[in-house]
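The values are calculated or read from the model by the stated rules, or taken from the named source; none is laboratory data. Predicted, not measured: the structure shown is a model, and the values here were computed from it. Heads up, the Cβs are rebuilt from the backbone with ideal geometry, glycines too, and the neighbour counts pull from every protein chain shown. With ligands, DNA and RNA removed, areas are computed over all heavy atoms of the protein, side chains included. Shrake-Rupley method; radii C 1.70, N 1.55, O 1.52, S 1.80 Å.
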Amino acid sequence: SDPYQKVINTIRSYIETHLDQDLSINTIAGLVHFNPSYLSRIFKKQTGVSLSEYVWNLKLEKAKEMLASDRYKISQISEKLGFDSHGYFTRFFKKMTGMTPAEYKHM
């Protein structure tokens with residue numbers, strides 16, 4: 001069994017439940033008591049993506065889920081996913097999908 005799997009699982013569930021908070025490598029490394037650059041390497045080796053890519057992909061997935069449901073305004077989604085501003089969220093979403101959150105919502 002892989003000694004790092006438990007750490008990776010801990011990180012994944014932390015990210016999942018703290019998407020609106022600081023998810024920098026330093027914060028997460030502190031959480032699991034690892035050196036940030038060491039953790040960076042392990043995470044990439046274990047998951048195939050960097051920690052930041054993992055976070056962005058998860059935020060994108062959650063954004064799509066929330067946009068698909070009519071329960072949230074785009075500004076609420078932006079806030080729940082930890083974006084500093086509505087504009088930043090819109091730029092992120094457009095960069096990742098090629099459309100704005102509003103366009104996606106009305107597809």
Legend entry - Carbon and sulfur %, accessible surface of the chain computed with the full protein complex present, 1.4 Å: 51 percent
Inset, instruction - Would you mind counting up the charge near LEU51? Only other residues with Cβ under 13 Å from its Cβ, with Lys and Arg at +1 and Asp and Glu at -1. - result: +3
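What does the accessible area per residue of the chain come to in Å², with a 1.4 Å probe and no ligands, DNA or RNA counted?
Values: 6620 Å² over 107 residues.
That works out to 62 Å² per residue.
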Legend entry - Lys, Arg +1 and Asp, Glu -1 on Cβ, resulting dipole of the chain about Cα centre, debye, nearest 20: 200 debye
Inset, instruction - Pairs to check: LYS73/LYS94; LYS59/LYS95; LYS44/LYS95; LYS44/LYS64; LYS45/LYS94. Give those whose C-alpha atoms are more than 19 Å from each other in this structure. - result: LYS44/LYS95; LYS44/LYS64; LYS45/LYS94
Legend entry - Calculated P(r) tail over 22 Å for the chain, as whole % of Cα pairs: 36 percent
